[in-house]
Amino acid sequence: MSATMKSQQRGRLVLGLGIGLLAGVALSLAVALYVTKVPVPFIDKVPHRTPEQDAAELEKNRNWDPNAALAGKNPMRPASAPAAAPALATQAPAASAPPAPAARTAAAVPSTRPGADPFIYFVQAGAFGRAEDADQQRARLGLLGFAARITEREQSGRTVYRVRLGPFDKKDEADAARERLDGNGVEAALVRVQRPER
């Protein structure tokens, strides 16, 4: 082979590599532009939120407490509530009247089972917004020798996962379990639930 043919072959090889390299860069650029401009199938179908909606949601969730339900349906009355009692005592004729039928039935419920506690008790070792957190707490309690269960409840439009021990028929048993948890460094609260009528 002559030297001119070898130099022509080298020139064609370099030219081919250059053209291939430019074609590869152009193809990569075209793919990158396509990927960045095409909508993502599932994410882009979700309606976008405005900053005002985000701020309102943040304000709504700022003081959200998943353990708020532990306060019960009848929160503690303020200290000024006993002042209303003397006003009722001055109405002697109304006090001697027989109670209304609804009040009589409500008072009769606990007396239908003398000596029996009208409540069942649970010891709640936490309420969580994520099921994974509740599972971790239940596992932690299991390592400490407690058999806990997770229950779900809808609260303020969210699902709350409660980790509880029980049910206990007697308040003393529930108090003992809560004290054992406290002794192991686990914050717990006593929860009482009206016993279903039989």
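How large is ³J(HN,Hα) for each residue in region 118-133, as worked out from phi by the Karplus curve 6.51 cos²θ - 1.76 cosθ + 1.60 (θ = phi - 60°), to whole Hz, x for Gly and Pro?
x, 10, 10, 10, 10, 10, 9, 9, x, 10, 10, x, 10, 5, 5, 5
Quick one: length gained pulling Ser156 to Asp54 fully straight, 0.36 nm per residue minus the C-alpha distance?
Stretched fully, the Ser156-Asp54 segment lengthens by 35.0 nm.
Any chance you could run the full-extension gain for Leu13 through Ala139? It's 0.36 nm times the residue separation minus the Cα-Cα distance, nm to one decimal. Intermediate values should be presented prior to the final figure.
Details: separation 126, 0.36 × 126 = 45.36 nm, distance 6.70 nm.
In short, 38.7 nm is gained.
Taking a spot 7 Å from the Cα of Arg180 along the direction of its beta carbon, which residues of region 126-140 have an amide N less than 16 Å from it?
Counting backbone N atoms under 16 Å from the label point, the list is 138-140.
Find the eigenvalues of the gyration tensor of the Cα atoms of region 1-41, then list the square roots of 5 times those eigenvalues as equivalent ellipsoid semi-axes, largest first, in whole angstrom. Don't skip to the end; give the middle numbers.
Numbers: eigenvalues 315, 5, 3 Å².
Equivalent ellipsoid semi-axes, largest first: 40, 5, 4 Å.
Regarding region 119-194, what whole-number volume in Å³ per residue does the convex hull of its Cα atoms give?
Value for region 119-194: 78 Å³ per residue.
Let's see if you can work this out: charge +1 on each Lys and Arg Cβ, -1 on each Asp and Glu Cβ, no other charges. What is the dipole magnitude of region 119-194 about its Cα centre, in debye to the nearest 20?
140
Any read-out appearing in this document is the output of simple, stated calculations on the displayed coordinates, not a laboratory observation. Model, not experiment: these values are computed from the prediction. Note that each Cβ is placed from the backbone with ideal geometry, even for glycine, and that neighbours are counted across all protein chains shown.
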